[in-house]
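First comes the structure, then the notes that go with it.
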Amino acid sequence: MDFYYMPLSPPCRSVLMTAKAVGVELNKKYLNLMAGEHMKPEFLKINPQHCVPTLVDGDFALWESRPIMIYLVEKYGKKDDSLYPCCPKKRAIINQRLYFDMGTLYKSFAEYYYPKSFYGKPLDEEAFKKLESAFEFLNTFLSGSKYVAGDSMTLADFAIMASLSTMVEVANVDISKYEKVAKWYNCLKDTVPAADENWEGIEEFKKFVNK
């Protein structure tokens, strides 16, 4: 399977975690968005939305990290469904957390930090308040379970770890006052599947913002 990605992208790294967890080997194809490689005709044929991550499995192409994660588990994680259980209620909670990451947690971070890191604009304190609100929600989610969507590690943990590790390690966001979040983060940051690749992507992001 071909996997078009940029290591500094949290959504790309969440897919790497999933692939590692289900034992899938990805043929990684680095796509430099800053250099416009995503706009080349050959990539546009694969993905007209020209975004990463993008997965190509035979004649099937798929983009957006969360659908890719689910696809990998449903097709290749047949021995163990714990990452995305068949139980409708458990799966619904995982889906809710994935959408929470996409539409609230990661979204609020992107609105706060990306204007500065990519365009040199000043940080927006109002945007940071939205990020703090997202952390409060996540802290509440973790008050009743060890992992973000229950008592075992799931795809939701991969997505939120990729997002959160970027916030903490690249943007230096302090999560210490969110006790449950900090505990979860410190327990999982070095133990999630493909933790080494997650850290490599974080280091690449650091180099990008510090150059």
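Is one or more of the residues making up the stretch 59-73 in the same structural domain as Val24 (by the TED database), touching a residue at least 12 places away in the same chain (Cβ under 8 Å) and among the small types (Gly, Ala, Ser)? Yes; the residues of the stretch 59-73 include at least one that is in the same structural domain as Val24 (by the TED database), touching a residue at least 12 places away in the same chain (Cβ under 8 Å) and among the small types (Gly, Ala, Ser). Pro122 meets the conditions (1) of a type outside the set (A, V, I, L, M, F, W, C); (2) touching a strand residue (DSSP E or B) at 6+ places or on another chain (Cβ under 6 Å); (3) surrounded by fewer than 13 Cβ atoms within 10 Å (Cβ to Cβ) in every case but one. The failed one is (2).
Take the stretch 1-57 and flag every residue that is among the acidic types (Asp, Glu) and in a loop (DSSP other than H, G, I, E, B).
Hit for the stretch 1-57 is Glu25, nothing else.
Against the test of being of a type outside the set (D, E, K, R), buried (at least 23 other Cβ atoms within 10 Å of the Cβ) and farther than 18 Å from Ala195 by Cα, the options Thr54, Thr18 yield a single qualifying residue, Thr54. Of everything in the stretch 118-144 that's more than 20 Å from Lys177 (Cβ to Cβ) and either hydroxyl-bearing (Ser, Thr, Tyr) or not in a loop (DSSP other than H, G, I, E, B) (or both), which residue is nearest to the chain's Cα centre (by Cα)? Looking at the filtered set, the residue picked out is Phe118. Per this entry, Gly23 is counted among residues that are at positive phi and either in contact (Cβ under 8 Å) with a residue 12 or more places away in the chain or in contact with an Asp or Glu (Cβ under 6 Å, 6 or more places away or on another chain) (or both).
Conditions (1) open to solvent by less than 90 Å² (accessible area, probe 1.4 Å); (2) at pLDDT 95 or above, marked per residue:
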residue: Lys90; (1), (2): no, yes
residue: Ile94; (1), (2): yes, yes
residue: Met102; (1), (2): yes, yes
residue: Leu105; (1), (2): yes, yes
residue: Ala127; (1), (2): yes, no
residue: Ser133; (1), (2): yes, yes
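Starting from residues that are over 20 Å from Phe141 (Cα atoms), polar (S, T, N, Q) and modelled with pLDDT of 95 or more, keep the ones in the stretch 167-211 and report whichever is most open to solvent (accessible area, probe 1.4 Å). Once the filter is applied, the top-ranked residue is Asn172. For Met153, the criteria (1) over 16 Å from the mean Cα position of the chain (by Cα); (2) open to solvent by 40 Å² or more (accessible area, probe 1.4 Å); (3) touching a residue at least 24 places away in the same chain (Cβ under 8 Å) hold in every case but one, which is (1).
The values are calculated or read from the model by the stated rules, or taken from the named source; none is laboratory data. Predicted model, so just to flag it, every value in this text is computed and none were measured. In this analysis, Cβ positions are derived from the backbone assuming ideal geometry, glycine residues included, and neighbour counts consider all displayed protein chains. When the accessible area is computed, the model is the full protein with side chains, heavy atoms only, and any ligands, DNA or RNA have been set aside. Shrake-Rupley method; radii C 1.70, N 1.55, O 1.52, S 1.80 Å.
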